[in-house]
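Chemist: This is the structure I have questions about; it appears just below.
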Amino acid sequence: MFILNTWYIAAWGSEIADKPLGRRICNEPIVFFRDQSTGKVAALEDKCCHRAAPLSMGVVVEAGLQCGYHGVVHDCSGRCVHIPGQEKIPARAKVRAYPVVEKNEFVWVWMGAPELADESRIVDYPYNDDHANWPHHKGFYHIKANYMLMVDNLMDLTHLGYVHGSTIGGNPQTHVQALMDVKKTDDSLSYVRWMLNSIPPPTYLAAVPFKGRVDRWQEFDFAPPSNVLQWSGAVDAGTGAREHGNRTGGFSLRIFHGLTPETESTCFYFYAPANGYRQDDPVATKELMEHISHAFLEDKLICEGQQQRIDELGEKGLIDIVSDVTRVQLRRIIQRMGDRERLQGEAAPAARPAVPEASAAAS
Ligand SMILES: [Fe+2]
């Protein structure tokens with residue numbers, strides 16, 4: 001069961017150039033392409049209205065997306081606008097179009113009722129557009145695990161000392177003993193963790209020549225149901241980072257974590273580690289990307305292992321431990337979103353037509 005009335009990251013904007021991109025989201029096959037005249041991204045059901053060939057196998061033409069089988073063309077709204085050898089185009093010759101918005105380098109798609117698609121609900125992440133202060137590379141992994149396992153992973157950092165010992169982790173006990181300040185409401189969850197007077201982990205040391213111990217922070221903000229905003233860093237221990245807010249002169253990175261469900265047991269992971277310490281040094285940005293990508297590969301493997309066991313043996317009998325406080329809370333938020341959506345759907349069963357009217361497309 002997916003939450004549909006929400007915005008998901010479908011792609012990096014740079015992934016959609018002159019060729020169509022096929023991507024399954026919430027188990028629905030979608031094709032993304034960039035309109036030749038406006039440059040805007042469109043998202044259509046990935047199935048030609050003629051003989052069901054995947055439109056992602058076609059080519060982008062001036063009028064829209066041309067099917068690779070018999071040349072039928074659909075425009076950005078999903079309407080069929082050209083049939084080779086035929087002048088009259090039937091009114092029902094159309095495919096579903098999804099609301100889509102390009103913002104902060106991401107392409108966001110709305111999977112639910114088109115009339116509910118509110119662009120203002122898309123998470124703001126201006127750092128992706130600020131290349132001078134937050135230079136970054138674009139990361140992407142296909143994960144063979146439900147997206148919620150990856151969100152769990154991000155919102156419970158006690159795994160760092162065990163999974164990421166050689167990169168962003170460090171001493172496991174330091175993580176377990178971190179000072180946690182959690183803020184939560186029915187719809188939001190964020191936390192700040194402090195590891196005062198701790199040994200900097202390998203990734204931090206590779207970036208900044210710390211003299212000794214550091215005061216290290218991790219701020220995580222959950223943007224339900226599937227995105228997490230992170231700001232982490234460290235400065236020399238005892239320089240007032242926590243007491244006086246002095247967080248300059250050390251290590252600092254921001255990461256947007258976007259998890260998008262592909263199927264019930266697979267997801268896409270979009271991430272962008274931004275260098276906030278040596279902004280004028282492209283090598284530092286590249287090395288940060290390599291360290292973080294390596295660390296996230298470790299998360300990927302753990303979560304894929306979890307999914308395998310869940311598929312084989314189910315979740316019955318699993319226990320919660322003290323570090324699950326935030327994880328349990330985020331699952332409640334997602335559960336509430338799903339419950340609300342189902343109640344809305346029951347109250348208004350016609351809210352999500354199978355084939356919306358053509359004008360619901362790209363903006
Ligand atoms: Fe991790």
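Here, each number is a calculation from the coordinates, and none is a lab measurement. These numbers come from a predicted model, not from an experiment. Quick reminder, even Gly has a Cβ in these numbers, built from the backbone with ideal geometry, and neighbours come from all protein chains shown.
Chemist: Taking amide hydrogens as modeled 1.01 Å from N in the peptide plane, which residues meet the under 5 Å criterion relative to Lys94, leaving out close sequence neighbours?
Modeler: When sequence neighbours closer than 5 places are left aside, the close amide H contacts are Cys80.
Chemist: Related question: Using Cα-Cα distances under 8 Å and only pairs 6 or more residues apart, what relative contact order does the stretch 126-337 have, in percent?
Modeler: Reported as a whole number, the value is 27 percent.
Chemist: In the stretch 214-278, which GluC sites (Glu not before Pro) are in a loop and have at most 16 other Cβ atoms within 10 Å, using DSSP for the loop call?
Modeler: Within the stretch 214-278, the qualifying GluC sites (Glu not before Pro) (loop, at most 16 other Cβ atoms within 10 Å) are Glu264.
Chemist: Now a separate question. Let me know the Rg and Dmax you get for the stretch 7-121 when you use only its Cα atoms, in Å.
Modeler: 13.5, 44
Chemist: Also, quick follow-up: Could you tell me the relative contact order of the stretch 7-121? Use alpha-carbon pairs under 8 Å, at least six residues apart, and round to a whole percent.
Modeler: 25
Chemist: Over 19 Å between Cα atoms: which of Lys103/Lys286; Lys144/Lys184; Lys138/Lys286 fall into that group?
Modeler: Among Lys103/Lys286; Lys144/Lys184; Lys138/Lys286, the Cα-Cα distance tops 19 Å for Lys103/Lys286; Lys144/Lys184.
Chemist: What number results when the radius of gyration of the stretch 204-268, computed over Cα atoms, is divided by 2.2 N^0.38 Å?
Modeler: 1.46
Chemist: Give me the extension gain from Glu28 to Ser188: residue separation times 0.36 nm, minus the current Cα-Cα distance, reported in nm with one decimal.
Modeler: That pair, Glu28 and Ser188, stretches by 54.8 nm at full extension.
Chemist: With label points built 7 Å along Cα→Cβ from the Cα atoms of Gln308 and Asp324, find their separation and express it in nm.
Modeler: 2.3
Chemist: Hand me the trypsin sites (Lys or Arg not before Pro) from the stretch 193-299 located in a DSSP loop with no more than 11 other Cβ atoms within 10 Å, in residue order please.
Modeler: Lys211
Chemist: Next question, about the same structure. Tell me, for the chain, which Cys residues have no other cysteine's C-beta sitting closer than 4.7 Å.
Modeler: Lone cysteines by the Cβ rule: Cys26, Cys49, Cys76, Cys80, Cys267, Cys303.
Chemist: Shifting gears a bit: Taking the Cα atoms of the stretch 143-224, what is the range of coordinates along each of the three principal axes, in descending order and whole Å?
Modeler: Largest first, the stretch 143-224 extends 42, 30, 22 Å along its Cα principal axes.
Chemist: What does the convex hull of the Cα atoms of the stretch 126-337 come to per residue, in Å³, rounded to a whole number?
Modeler: 122
Chemist: Would you be so kind as to identify which of Pro126, Ala241, Leu65 lies farthest towards the positive end of the dipole of the chain, taking Lys and Arg as +1 and Asp and Glu as -1 on Cβ and the Cα centre as origin?
Modeler: The listed residue farthest towards the positive side: Leu65.
Chemist: Moving on to the next point. Quick one: in the chain, what % of C-alpha pairs are over 25 Å apart?
Modeler: Of all Cα-Cα distances in the chain, 58 percent exceed 25 Å.
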